[in-house]
Each structure stands twice: as structure tokens, then as C-alpha cells.
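Visitor: So that we are looking at the same thing, I have put the structure below in C-alpha cells.
The values are calculated or read from the model by the stated rules, or taken from the named source; none is laboratory data. Since this is a predicted model, take the numbers as computed values, not measurements. Note that each Cβ is placed from the backbone with ideal geometry, even for glycine, and that neighbours are counted across all protein chains shown. Surface accessibility is based on the protein's heavy atoms, side chains included, excluding ligands, DNA and RNA. Shrake-Rupley method; radii C 1.70, N 1.55, O 1.52, S 1.80 Å.
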Amino acid sequence: MAKKARNRRRYPIKTLRWSILVASGVGLALGILLAALLRAYFRASEPRMINVAASGPVVTPDSEGRLILEDEAVPGSDFYQFRAQLREAVRNRNAEFVNSIIPETGLGIGFSVPQTRENLNLDDPQARLWLMLEKAVAIGCSPVENPPPDNSDAVSEMWVCPNVADAFSRQVPPPNSADGVSWMMERVVVVGENVNVRSQPSLDSEAIATLSNEVVQVDRDRQLPQTFDPIDSWTAIRLGDDREGYVYNRYVYPPLDYRALFSKINGEWQLQAMPGGD
């Protein structure tokens with residue numbers, strides 16, 4: 001009888017312990033849920049960064065080591081037709097057209113504050129923006145998956161030109177031992193078919209190799225100490241076999257180079273920003 005009595009006294013203690021454990025578990029779960037809700041609330045109130053790289057799965061270059069650069073603008077689509085108009089406007093240095101696609105609040109280039117239309121000086125055919133746009137829209141573009149800026153139409157697509165940064169990030173990711181930013185700054189993509197690598201920074205010098213959509217290393221020690229021109233200048237490179245050469249900048253696309261972001265405002269395509277710059 002005494003043994004049974006002792007067992008009966010233990011049951012309330014076990015029940016109490018179990019209740020405490022259950023209550024603790026519920027409290028912990030509620031705490032985690034509350035923390036998640038608070039994080040979501042505060043993140044939603046923060047400005048969202050636009051990331052134009054690594055928007056797709058990691059893939060590899062083709063069998064010859066060349067980057068796969070696909071233009072995702074579908075012929076006949078709204079953006080495709082707008083880009084055709086922009087290419088023609090840039091080719092003809094049509095300042096009226098380009099000014100019409102720059103927001104009234106100005107255009108942000110790199111990390112600088114937005115520049116007004118007047119400051120962009122599009123009346124000068126050699127103005128910096130002309131050269132940047134000429135190079136940016138010359139090759140393929142891709143849609144951006146991130147939400148458009150607050151002043152874009154709610155249903156607007158956003159496009160980035162060129163799409164070299166995205167292709168580089170997905171097809172040539174840095175090894176685990178390398179810093180991602182340094183990896184990109186030390187390399188450029190030579191875009192085009194059979195682009196000449198010259199022995200000297202001159203069109204008259206010997207062609208020592210050709211490259212087609214290939215990634216090569218920049219040789220900063222030999223880089224020309226002159227004002228950088230995104231088209232009419234040269235980039236010093238080092239080939240895979242350690243040969244040194246130069247590539248005409250029209251065909252050179254650094255992964256961190258400036259790129260143009262386009263989306264719609266009030267139903268019209270606009271140039272939202274030009275992030276980048278190394």
C-alpha cells in the first residue's frame with residue numbers, strides 16, 4: 001500500500017514537469033514567430049537594393065570556354081522596339097530623344113547623386129553618357145527580377161543592358177579561395193567574334209591572338225595612364241598563356257562596368273539609372 005501511495009504522489013510531479021516543458025516549447029515557438037514577423041516588418045520598410053547579377057542558375061561557358069551571351073529581348077516585343085529606337089537615337093546623337101527618357105529627378109550614374117539633364121551635356125556628341133549608352137545597348141539585354149523603383153509602373157518590367165554582369169556571375173563564379181569583388185575587378189569579358197588582341201595599344205600593331213566572348217585577366221600594371229574612354233581606348237590584358245596584349249575598349253566589358261536600367265513610368269520607357277563602375 002505504501003508503494004502504491006508513493007507512485008500516486010509521483011504522477012502529479014511528472015505531469016507538472018511535462019506541462020512546464022510544453023509551455024516552454026510553445027513560448028519558444030511564439031518567440032521565434034514574433035522575431036520573424038518583426039524582421040519582415042523592418043525589412044519591408046527598408047529601401048530594396050537592385051541586384052542585376054546572378055539572377056539565374058550557375059551555368060558553364062560553351063565547350064570552347066566562351067561565355068554564353070544571349071539577348072533576351074524578344075523581337076517585336078515592347079522593350080525590343082524601344083531599344084531599337086534608342087540605338088538609333090544614340091547612333092545619331094539625338095539629344096531630344098535621350099533627354100525624353102531621363103527622369104525629371106535626374107539620372108544616377110554609379111555612386112554619384114542623380115545628374116540633371118543639363119549636367120549630362122548631351123549637346124556634346126562626345127559626352128560621357130553618349131559613350132556609355134552606345135556601349136551598353138550594343139549587345140544583349142535581360143529582364144531584372146527585382147522589383148522596379150517606386151516611381152515605375154506597378155506592372156512594369158525592368159531591363160538591364162548589357163547583361164554581361166549576369167552572365168559572368170553565373171558562368172564564371174569565383175573559387176572559394178577568392179574574394180568575389182576582386183575576382184570581377186581583375187577580369188574583363190571580350191565580347192564579339194574573333195576580336196583582335198594587339199601587341200601594342202594601336203590598330204596598326206600586330207594581332208597576336210583573337211578572342212570571342214572570352215574572359216581574360218586585366219594587367220593593371222600596363223594600363224594606360226590616360227583619360228579612360230569606354231570605346232576609343234585600350235585595355236591591357238594577359239592571356240591564359242601569359243602573353244601580354246591590348247584589346248580595343250569597344251569590345252571590352254568589365255563585369256562591374258556601368259549598365260543601364262530601364263523601366264516604365266506612366267506607360268513610357270525611361271532610363272532609371274546606370275549603376276556600376278569599378
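Visitor: Order D242, D124 by their accessible area, 1.4 angstrom probe, all chains in place, largest first.
Guide: If we order D242, D124 from most to least accessible, we get D242, D124.
Visitor: Relative to the Cα centre, what is the charge dipole magnitude of the stretch 180-225, using +1 at the beta carbon of each Lys and Arg, -1 at the beta carbon of each Asp and Glu, and rounding to the nearest 20 debye?
Guide: Values: 4 positive and 7 negative charges, 27 e Å.
For this selection, approximately 140 debye.
Visitor: Between M185 and Q223, with labels modelled 7 Å along Cα→Cβ, what's the label distance in nm to one decimal, could you check?
Guide: Rounded to a tenth, the inter-label distance reads 0.9 nm.
Visitor: Okay, next question. On a full-extension model of 0.36 nm per residue, what is the gain between R117 and E72, subtracting their alpha-carbon distance, rounded to one decimal in nm?
Guide: 13.3 nm
Visitor: With θ taken as phi - 60° and the coefficients 6.51, -1.76 and 1.60, list the Karplus ³J(HN,Hα) couplings across the stretch 235-245 in order, rounded to whole Hz; mark glycine and proline as x.
Guide: Calculated HN-Hα couplings, in order: 10, 7, 10, 10, 6, x, 8, 6, 6, 9, x Hz.
Visitor: Can you give me the long-range amide H partners of T210? Hydrogens built in the peptide plane at 1.01 Å from N, cutoff under 5 Å, separation of 5 or more residues or another chain.
Guide: V197
Visitor: Taking θ = phi - 60°, what integer Hz values does the Karplus form 6.51 cos²θ - 1.76 cosθ + 1.60 yield along the stretch 128-137, in sequence order, with x for Gly and Pro?
Guide: Rounded to whole hertz, the list is 4, 5, 4, 5, 5, 5, 4, 7, 5, 9.
Visitor: Follow-up. Mind grabbing the accessible area of R170 for me, 1.4 Å probe, Å², rounded to tens?
Guide: 40
Visitor: Just the accessible area for W183, please: 1.4 Å probe, Å², rounded to the nearest 10?
Guide: 50
Visitor: Further question on the same structure: Hey, any idea what % of the stretch 169-278's accessible area is carbon plus sulfur with a 1.4 Å probe?
Guide: On the stretch 169-278, the fraction of accessible area on carbon and sulfur atoms equals 44 percent.
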